[in-house]
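Trainee: I have a structure here, written as structure tokens, and I will follow up with some questions on it.
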Amino acid sequence: MNAIQIRAWKVGVVAGVLLAVYLLVISVNEIKTVFNIGQDPAFSTVNTISVSGKGEETIVPDVATFSYSVTENGKTVADAQAKATNRSNAALAALKVNGIADKDIKTTGYNINPHYEWIKDRSVLTGYDVSQSTDVKVRDITKAGKIFEQVGTLGVQNVNNLAFSVDNRDAVMESAQAKAIADARVKAEKLASSLGVRLGKVVGFSDAGEQPYYPPTVYAMSAKVGMDARAVAPEISTGEQKVTSNVSITYEIK
């Protein structure tokens, strides 16, 4: 071949290669479009609609909780501990008389600290302070006021943090969620009807349900405010609480 023929042959080869590459790219793209290459079929693009649903349950709390602390001072650690133990044991006895089980009485803190007083322009160690904090759960909520009052007459300090809750909270949340799902389904069916489509299977679900919130009853007693054996048990109202579940559901449409 002469130079012109060789040059023409090279141009033809290059053109053929470029054409082959072009056709290959086009073919691969077409195959991806049809078969969704590189993706799990479960994640193939489908037409969907998403709706939200809300469910509520109104409940009356059936459990009360509160806390109290005992603080005693003594010249020695042993002296302060003995005083604190006697005071704490009296409170525990009152709780048990009212039917509070051991599992519902929890010590949450026990501290021993040196006690200083300012004497003649200097800090002087005069003894030790022993404090013990306890949380109590009252399952018979009708006794909450009586127990609260009795503990307050025994010389303990900071009887407070009275709050109410529901013992079986999971069941309440499940019921609220079931209502939210049903609400979402009704909305989805109405939307599908308006769009002229049919609902398919559920392809997405999320629950942003709110945990029930029970605002604490602000009620506190202290030995320093003159509580005595003649104190009247407080009338305590639990009120009603709402538990809300919010869900989002995505349906395939056909």
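Trainee: Residue 146 to residue 125: FRET efficiency via 1/(1 + (r/R0)^6), r the Cβ-Cβ distance, R0 35 Å, to the nearest 0.05?
Mentor: 0.25
Trainee: Ok, one more. Under 13 Å from the Cβ of residue 47, count the other residues' Cβ atoms, weight Lys and Arg +1, Asp and Glu -1, and hand me the total.
Mentor: +2
Trainee: While we're looking at this one, here's another question. How much length, in nm to one decimal, is gained on full extension between residue 101 and residue 47, taken as 0.36 nm per residue of separation minus their Cα-Cα distance?
Mentor: Contour length minus Cα-Cα distance gives 13.7 nm.
Trainee: Related question: Quick one: check the C-alpha center-to-center distance for the range 55-96 versus the range 177-196, whole angstrom.
Mentor: Centre-to-centre (Cα) distance: 51 Å.
Trainee: Need one number for the range 62-158: average projected area of the convex hull over its C-alpha atoms, nm². Display every interim value, and only then the final one.
Mentor: Details: hull surface 26.7 nm².
That works out to 6.7 nm².
Trainee: Distance cut-off 25 Å, Cα to Cα: go down the list 103/179; 54/201; 143/242; 106/179; 54/137 and report the pairs above it.
Mentor: Numbers: 103/179 34 Å; 54/201 20 Å; 143/242 23 Å; 106/179 36 Å; 54/137 32 Å.
Result: 103/179; 106/179; 54/137 exceed 25 Å.
Trainee: May I pose another question? I want to make sure I understand the PRE zone here: with the label point 7 angstrom from the Cα of residue 112 toward its beta carbon, which residues in the range 62-92 have backbone N atoms less than 13 Å away?
Mentor: Counting only backbone N, you get 74-85.
Every number in this text was worked out from the coordinates using simple rules, so none of it is lab data. These numbers come from a predicted model, not from an experiment. Backbone-built Cβ (ideal geometry, glycine too); neighbour counts: all protein chains shown.
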